[in-house]
Amino acid sequence: AQSVTQLDSHVSVSEGTPVLLRCNYSSSYSPSLFWYVQHPNKGLQLLLKYTSAATLVKGINGFEAEFKKSETSFHLTKPSAHMSDAAEYFCVVTLGSNDYKLSFGAGTTVTVRA
Amino acid sequence: SAVISQKPSRDICQRGTSLTIQCQVDSQVTMMFWYRQQPGQSLTLIATANQGSEATYESGFVIDKFPISRPNLTFSTLTVSNMSPEDSSIYLCSVAPQGYNEQFFGPGTRLTVL
């Protein structure tokens, strides 16, 4: 079965410092992987996606993630955090090779200190 | 992409009653999904609602509790029946437009059951 584990439930960073959100997945095939962000009282927004093309994926708002098959990881990074990055982040994996159903990680709450 | 709206945005209901949540998409899509996000938790898939077929429910969710309609390619409803306080959650719909790997999410319906 496919699943995804977010290794940090909460990450706190200072504004202007790097952000790292860790995600590991398990899958019996090559999955599609996504990072979504949910700001307070808002819907989910796609940050970036990996779909078997380039392993380094660039997303919106300066975020990027690297797919490492050997480590079954898909960590999200941003070189310089902004106050507006404070939100909940979800790592997501497709449940089947030809299946649009998604499995969500538990989420990582990011707080940004001024 | 797709723009999705949900009604109502929030509601407070009494136990034992039912609430129907509407999901409207600005374009025709075959695949539509309903999720539940319990307080402080991640998203859990309730069911897949494809137009022209009966909804497919995930383990732990049943049609009697969460009946779904999908009358056309731009609209769906989810009913939360015989509500209890444990049903207090955010309910989100999403779509997977043809040609896209990712899903696009509605803003969610925040339900509180007293």
What per residue convex hull volume, in Å³, comes out for chain B when only alpha-carbon positions are used?
95
Around residue A:65, with a cut-off of 15 angstrom between Cβ atoms, what is the net charge of the other residues, counting Lys and Arg +1 and Asp and Glu -1?
0
Restraint check, A:42/A:68; A:78/A:101; A:49/A:69, Cα-Cα greater than 20 Å:
A:42/A:68; A:78/A:101
Two pseudo-spin positions, 7 Å from Cα along C-beta at residue A:10 and at residue B:7, lie apart in nanometres by 3.9
Mean projected area (nm²) from the convex hull of Cα positions in the range A:3-113 is 6.5
Residue-ordered couplings for the range B:49-56, obtained by feeding phi - 60° into the Karplus form 6.51 cos²θ - 1.76 cosθ + 1.60 and rounding to whole Hz (Gly and Pro as x), are 10, 9, 5, x, 9, 5, 5, 10
For a Förster distance of 25 Å, can you work out the FRET efficiency between the beta-carbons of residue B:41 and residue A:26, rounded to the nearest 0.05?
0.75
Residue A:39 label point, 7 Å along Cα→Cβ, cut-off 13 Å on backbone N: hits in the range A:64-83?
A:82-83
Roughly how far apart, in whole Å, are the Cα centres of the range B:63-108 and the range A:1-57?
23
Give the Rg/Rh ratio for the protein assembly as shown, taking Rg as the radius of gyration of the Cα atoms and Rh as the Kirkwood radius, to two decimals.
0.97
Amide H of residue B:13 versus every other amide H placed in the peptide plane: which residues, excluding those fewer than 5 positions away on the same chain, fall under 5 Å?
B:112, B:113, B:114
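Every read-out reported here was derived from the displayed coordinates using simple, explicitly stated rules and does not represent laboratory data. Keep in mind it's a predicted model, so treat the numbers as computed, not measured. When we count neighbours, we look across all protein chains shown, and the Cβ atoms used for this are built from the backbone with ideal geometry, even at glycine.
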